[in-house]
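Peer 1: To start, I am sharing the structure in question, which I have written as structure tokens.
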Amino acid sequence: MKYEAVIGLEVHVQLKTNTKIFCGCSTEFGREPNSQVCPVCLGFPGVLPVLNKTVLEHAVKISLALDCSVQEYTKFDRKNYFYPDLPKDFQISQYDLPVGRDGFLDITVEGGEKRVGILRVHLEEDAGKLIHKDDISLVDFNRAGVPLLEIVSRPEMYSPEEAHAYLTALKSAIEYLDVADCDMEKGSLRCDANVSIRPRGERELGTKAEVKNMNSFKGVKDALAYEIKRQIESVENGGKIIQETRLWDAKNGKTFSMRSKEEAKDYRYFPEPDLPPFVMTLENIRKIKETIPELPREKAARFIREYGLSAYDAGILVVNKKDAEYAEECMRAYPGENKKPVVNWLIGPLLSEANNRTGGGELTALGILPERLIELVGFVQAEQISNLTGKSVLTDMIDTRESAADIIKRRNLIQISDTGSLETHIEEIIKANVQSVESYKQGKTGALMFLVGQVMKKTQGKANPKVVQELLKKKLA
Amino acid sequence: MELAKLTCHELLDLIGAGKTSLEDIFDDLRKRIGQTDHKVRAYVRNSQTENADVCPEICAQSILKGIPVTIKDNICTEGLNTECCSRILSGFRPPYDATVIRKLKEAGASIFPVKANMDEFAFGSSTENSYFGPTRNPWDVKYVPGGSSGGSAAAVAADEAVWALGSDTGGSIRQPAAFCGVVGLKPTYGRVSRYGLIAFASSLDQIGPLTKDVRDSALLTNIIAGYDPRDSTSVDVEVPDYTGALVKDVKGLRVGIPKEYFVEGIDPEVKRTVEDAIQKLKDLGGICKEISLPHTRYAVPVYYIIATAEASSNLARFDGVQYGYRSLQDKAKTSLIEMYARTRGEGFGQEAKRRILLGTFALSHGYYDAYYLRALKVRTLIKRDFDDVFKDCDCVITPTSPTPAFKINERIEDPLKMYLSDLYTISANLAGIPGISIPCGFTKSGLPVGLQILAGSFREETLFRAAYTYEQSTPWHLQKPEL
């Protein structure tokens, strides 16, 4: 292709705190409108902000996890603009001295590794929420003053897939720190994208469009794919890209222009006079650093090293911290050097059960204790039950909370591998399926599988299919 | 007995001795207001509070025993109109008390239910910029009382208040105190919580007392001072008992007289009166010497950049969405931007609009470095001037204002001239240091002249000691206007 896309992402993460950033109101989601407000977050005349110290700690923690240099001296600034969801008509944010800057995030995309630069990490307060009803607009200020961390990447992603991988890695890393929920559907993670195109080989950046209003990771990917295509088509048809803000319309799969740069606002940033600058001592920064747990990529590397996992398997298992810890327990408990059997169960049947049952696909939500899973895998590995039967046992385990042994016993599922008892069944099947037997003898190997299937059916799936196949081959030779 | 004429500490003595009661004090105050306030107009007259009855909670055990305090209209009082004398806040009743109000209530003060007049949002030096009309100087009602705390100062001077709270961003307590012949203190920035003070310029604003004498000033400061976790700019420095500083002794006190404050622009009568006061302090044992504050001439321009920049942002919230005035219009035909524009166009007075425009300009892209950033740097130089001076001076003495009170309407059309009446008071706000204005004499035509004393940060005790010694050695604070 003649053009390449250049993408930078601005991600807003709602920090997990009990109270808002500058007052004591609760941050709980989904409460009755305007029930979690006070004069401070409503911006009443005369009120003053007081910084919630936990917010600053969370911000430092995320900055450090993203390998940013953390500023010892940080301050807040006012970003001035009028909007009804903004109670003071200015937002307390950070301008020239953000909490963190110049970090990076490593991502895996199409099997390759890639490093995406982080320009800055800064704190700000959230605005309220506008609700439009017929010809009136209502404002819910419960969200006003909820702490947000804005993470701005460098324009170093070149495809929607890379952007998606960046978001996934970012969400995963932040979730490990337990300082944010990162739920895009609930709005606790929001993402805006700056997109431009340039002829391949060109170093200068093209004119960018800012794409907003994407409500899921898939939405980001789709919106970027659409926007890149739109820009390329526009340029190829002799058009010119203008600097503008565009909104993603998920329903129609299109972006449309909201405002052009000519209408852009001058935010008149200046230092927030109501909050003196904050000095983070190196000692405090070091203390916060000590609380950072092993992060997903470190964990994946260790899984590969210690448990012999493939990079692909490790990558899947570390996405969610609780699941990674669960997986490690399972691997540790599983006897022997080769962990592949239990890993296959984790990323196979367990993950698909998790995806089917819980939207988030969390393994731990299934409620299967590691030793119970090991027991199940043991039955399959010992060929006492087939793989297929094993999956059905797993479903049963999740539903009933019984152990695999109990379920196998209750449902009488132990595989029949004893040739003596199987031979009787095989004789009967051969007699009843003369045509298939003939076909097999004439060289149609598929007919053998049909006969195996008939034996399996007759034994209610309990026959060991390998043994059945061997016996049939012998009989029909 | 004319109780309204007395100071708070005198009233407390009388109550303590069983010679008067709170009811008598309120009766006398109400009587006095009824007799004189139609001339002075120190109080805000709006429909909501006009008929408000005074019903103090009497707490015999408390420090202030229910004695009322008059509050400037920009300090939030729960359930009582607080409108900054602006149409845009008409009908606004705060759902909470400012920290100073809470402290006063805890000390047993009654909050006088009618607020004191002021320049709209404290923008002004004459109390002419009030939506409710101007306040007049009790010494001559053809003259302004100064501003922006002109209502508080005039009420105290006219004996319509026992004492009062004002706010000072560039001289708004000290200048009206000087014009009205009362005592006005601007404490160190961070000494008194700003929580609940409707902000004009956050980095300069400070609440302070306006009183009939220095002892009341110390007493009221005792109550309102102190660290407040709700105000991150308040400072956690111990509050001494300021009445302990009321010692009649300035022997050996090192007093700096800045030469830059006695040059052109100063009224000859003010100059002579202040020079007499300096002589008096020398006679009392003070060691006076000429000093220099070289960056003084930049104070007014620096102030009008920083103060208006902060104000333009602080006043953005008055947009008609949540509270206060909203322009009445055909909803269906009006866009959001129009609603904002009309509300603010109709709700703000001329001076408020002027300052919002100035501040917006100073912060605009392309001008920020040349104006706001430069102003911050010069502010540091002004602060350094004072740091240097206080290395070998205990305090600095200046006139409070270059002129005595001027006539109503004399400067209203000339904002530059109006701004210059804060020439001597602005530097203390920029430097964050405390300053007090006390009466030091009268002009031939009978208008009061104020003496300003400045000290280093958190050295209010030095101010009280010098002010008390001078006051107790002179008759000025005992004189009353004829109304």
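Peer 1: Say whether the condition of being touching a residue at least 40 places away in the same chain (Cβ under 8 Å) and either more than 30 Å from residue A:38 (Cα to Cα) or loosely packed, with under 15 Cβ neighbours inside 10 Å (or both) is met by at least one residue in segment B:305-323.
Peer 2: Yes - at least one qualifying residue is present in segment B:305-323.
Peer 1: Examine segment A:211-233 for a residue that is in contact (Cβ under 8 Å) with a residue 60 or more places away in the chain, loosely packed, with under 15 Cβ neighbours inside 10 Å and in a helix (DSSP H, G or I), and state whether such a residue exists.
Peer 2: No: segment A:211-233 contains no residue that is in contact (Cβ under 8 Å) with a residue 60 or more places away in the chain, loosely packed, with under 15 Cβ neighbours inside 10 Å and in a helix (DSSP H, G or I).
Peer 1: If you take the residues of segment B:343-371 that are more than 13 Å from chain A (Cβ to nearest Cβ) and charged (D, E, K, R), which of them is farthest from the chain's Cα centre (by Cα)?
Peer 2: Out of the qualifying residues, it is B:346.
Peer 1: Inspect segment B:43-50 for any residue being modelled with pLDDT of 95 or more and surrounded by 19 or more Cβ atoms within 10 Å (Cβ to Cβ) and give the result as yes or no.
Peer 2: Yes; the residues of segment B:43-50 include at least one that is modelled with pLDDT of 95 or more and surrounded by 19 or more Cβ atoms within 10 Å (Cβ to Cβ).
Peer 1: Let me ask something additional. Residue B:398: out of contact with any Ser or Thr (no Cβ under 7 Å at 6 or more places or on another chain) and surrounded by 21 or more Cβ atoms within 10 Å (Cβ to Cβ), yes or no?
Peer 2: Values: out of contact with any Ser or Thr (no Cβ under 7 Å at 6 or more places or on another chain): yes; surrounded by 21 or more Cβ atoms within 10 Å (Cβ to Cβ): yes.
Yes; evaluated as a whole, the condition is true for this residue.
Peer 1: Can you find a residue that is among the β-branched types (Val, Ile, Thr), part of a helix (DSSP H, G or I), at negative phi and within 14 Å of another protein chain (Cβ to nearest Cβ) anywhere in segment B:327-337? Explain how you work it out, then say what you get.
Peer 2: First, the residues of segment B:327-337 that are among the β-branched types (Val, Ile, Thr): B:334, B:337.
The next check asks that each one be part of a helix (DSSP H, G or I); those that pass are B:337.
From what is left, the residues that are at negative phi are B:337.
Now narrow it down to the ones that are within 14 Å of another protein chain (Cβ to nearest Cβ): B:337.
Taking every residue of segment B:327-337 in turn, at least one turns out to be among the β-branched types (Val, Ile, Thr), part of a helix (DSSP H, G or I), at negative phi and within 14 Å of another protein chain (Cβ to nearest Cβ).
Peer 1: Related question: So which of A:374, A:347 ends up being without any contact (Cβ under 8 Å) to a residue 60 or more places away in the chain and within 15 Å of residue A:408 (Cα to Cα)? Let's see the steps before the verdict.
Peer 2: On the way: A:347 fails: within 15 Å of residue A:408 (Cα to Cα).
Among A:374, A:347, only A:374 is without any contact (Cβ under 8 Å) to a residue 60 or more places away in the chain and within 15 Å of residue A:408 (Cα to Cα).
Peer 1: Here is a further query. Looking at segment B:52-77, which of its residues are in contact with an Asp or Glu (Cβ under 7 Å, 6 or more places away or on another chain) and at pLDDT 95 or above?
Peer 2: B:73, B:76, B:77
Peer 1: Only strands (runs of 3 or more DSSP E) wholly contained in segment A:34-117 count here; list those with 3 or more residues that are farther than 30 Å from residue A:294 by Cβ, more than 9 Å from every other protein chain (Cβ to nearest Cβ) and in contact (Cβ under 8 Å) with a residue 12 or more places away in the chain.
Peer 2: On the way: elements: A:77-80, A:90-93, A:100-109.
Because the criterion is at least 3 residues that are farther than 30 Å from residue A:294 by Cβ, more than 9 Å from every other protein chain (Cβ to nearest Cβ) and in contact (Cβ under 8 Å) with a residue 12 or more places away in the chain, the strands (runs of 3 or more DSSP E) in segment A:34-117 that meet it are A:90-93.
Peer 1: Continuing with this model, one more query. Listed residues B:141, B:183; which is among the hydrophobic types (A, V, I, L, M, F, W, C) and surrounded by fewer than 24 Cβ atoms within 10 Å (Cβ to Cβ)? It would help to see each step written out before you state the result.
Peer 2: Working: B:183 fails: surrounded by fewer than 24 Cβ atoms within 10 Å (Cβ to Cβ).
Exactly one of B:141, B:183 is among the hydrophobic types (A, V, I, L, M, F, W, C) and surrounded by fewer than 24 Cβ atoms within 10 Å (Cβ to Cβ), namely B:141.
Peer 1: Same structure, new question: Quick check on segment A:234-260: of everything there that is charged (D, E, K, R) and more than 24 Å from residue A:215 (Cα to Cα), which residue is surrounded by the fewest Cβ atoms within 10 Å (Cβ to Cβ)?
Peer 2: Residues of segment A:234-260 charged (D, E, K, R): A:236, A:240, A:244, A:246, A:249, A:251, A:254, A:259.
Adding the requirement that they be more than 24 Å from residue A:215 (Cα to Cα) leaves A:236, A:240.
On the way: A:236: 10, A:240: 7.
Among those that are charged (D, E, K, R) and more than 24 Å from residue A:215 (Cα to Cα), it is A:240.
Peer 1: Name every residue in segment A:173-208 that is polar (S, T, N, Q) and either closer than 15 Å to residue A:16 by Cβ or at pLDDT below 95 (or both), in order of residue number.
Peer 2: Quick first cut of segment A:173-208, residues polar (S, T, N, Q) only: A:188, A:194, A:196, A:207.
If the condition is that a residue be polar (S, T, N, Q) and either closer than 15 Å to residue A:16 by Cβ or at pLDDT below 95 (or both), then A:188, A:207 are the ones that fit.
Peer 1: Out of B:86, B:62, B:90, which single residue is more than 13 Å from chain A (Cβ to nearest Cβ) and either within 30 Å of residue B:411 (Cβ to Cβ) or touching a residue at least 40 places away in the same chain (Cβ under 8 Å) (or both)?
Peer 2: Values: B:86 fails: more than 13 Å from chain A (Cβ to nearest Cβ); B:90 fails: more than 13 Å from chain A (Cβ to nearest Cβ).
Unique residue meeting the criteria: B:62.
Peer 1: Quick one: which residue in B:272, B:230 is touching a Leu at 6+ places or on another chain (Cβ under 7 Å), over 19 Å from residue B:456 (Cα atoms) and modelled with pLDDT of 95 or more?
Peer 2: On the way: B:272 fails: touching a Leu at 6+ places or on another chain (Cβ under 7 Å).
From the options B:272, B:230, the qualifying one is B:230.
Peer 1: Here is a list: A:122, A:132. Which entry is part of a strand (DSSP E or B) and surrounded by fewer than 18 Cβ atoms within 10 Å (Cβ to Cβ)? Quick ask: steps written out before the conclusion?
Peer 2: On the way: A:122 fails: surrounded by fewer than 18 Cβ atoms within 10 Å (Cβ to Cβ).
None of the other options fit; the residue is A:132.
Peer 1: Take segment A:456-477 and flag every residue that is part of a helix (DSSP H, G or I) and polar (S, T, N, Q).
Peer 2: First pass over segment A:456-477, keeping only residues part of a helix (DSSP H, G or I): A:456-458, A:465-476.
Residue satisfying the conditions is A:469 alone.
Peer 1: Residues being surrounded by fewer than 19 Cβ atoms within 10 Å (Cβ to Cβ) and either under 28 Å from residue B:306 (Cβ atoms) or polar (S, T, N, Q) (or both): count how many of those fall in segment B:332-345.
Peer 2: Applying the first criterion (surrounded by fewer than 19 Cβ atoms within 10 Å (Cβ to Cβ)) to segment B:332-345 yields B:332-339, B:341-342, B:345.
When the remaining residues are screened for being either under 28 Å from residue B:306 (Cβ atoms) or polar (S, T, N, Q) (or both), the result is B:334-335, B:341, B:345.
Residues that pass the stated criteria total 4.
Peer 1: Same structure, new question: Which one of A:336, A:348, A:361 is assigned to a helix (DSSP H, G or I) and among the small types (Gly, Ala, Ser)? Give the steps one after another, and end with the answer.
Peer 2: Details: A:336 fails: assigned to a helix (DSSP H, G or I); A:361 fails: assigned to a helix (DSSP H, G or I).
Matching residue, one of A:336, A:348, A:361: A:348.
Peer 1: Then there is this: Are any residues in segment B:281-298 crowded, with 16+ Cβ neighbours inside 10 Å and either touching a Gly at 6+ places or on another chain (Cβ under 9 Å) or within 11 Å of chain A (Cβ to nearest Cβ) (or both), and if so, which ones?
Peer 2: Result: B:286, B:288, B:291, B:293.
Peer 1: Let me ask another. I'm checking my understanding of the structure. Among residues of segment A:397-430 that are part of a loop (DSSP other than H, G, I, E, B) and surrounded by 13 or more Cβ atoms within 10 Å (Cβ to Cβ), which one is farthest from the chain's Cα centre (by Cα)? Write out each step before concluding.
Peer 2: Restricting attention to segment A:397-430, the residues satisfying the condition of being part of a loop (DSSP other than H, G, I, E, B) are A:401-403, A:411-415, A:417-418.
When the remaining residues are screened for being surrounded by 13 or more Cβ atoms within 10 Å (Cβ to Cβ), the result is A:402-403, A:411, A:413-415, A:417.
Details: A:402: 31, A:403: 31, A:411: 38, A:413: 37, A:414: 39, A:415: 39, A:417: 43 Å.
Taking the candidates together, the pick is A:417.
The values are calculated or read from the model by the stated rules, or taken from the named source; none is laboratory data. Predicted model, so just to flag it, every value in this text is computed and none were measured. Heads up, the Cβs are rebuilt from the backbone with ideal geometry, glycines too, and the neighbour counts pull from every protein chain shown.
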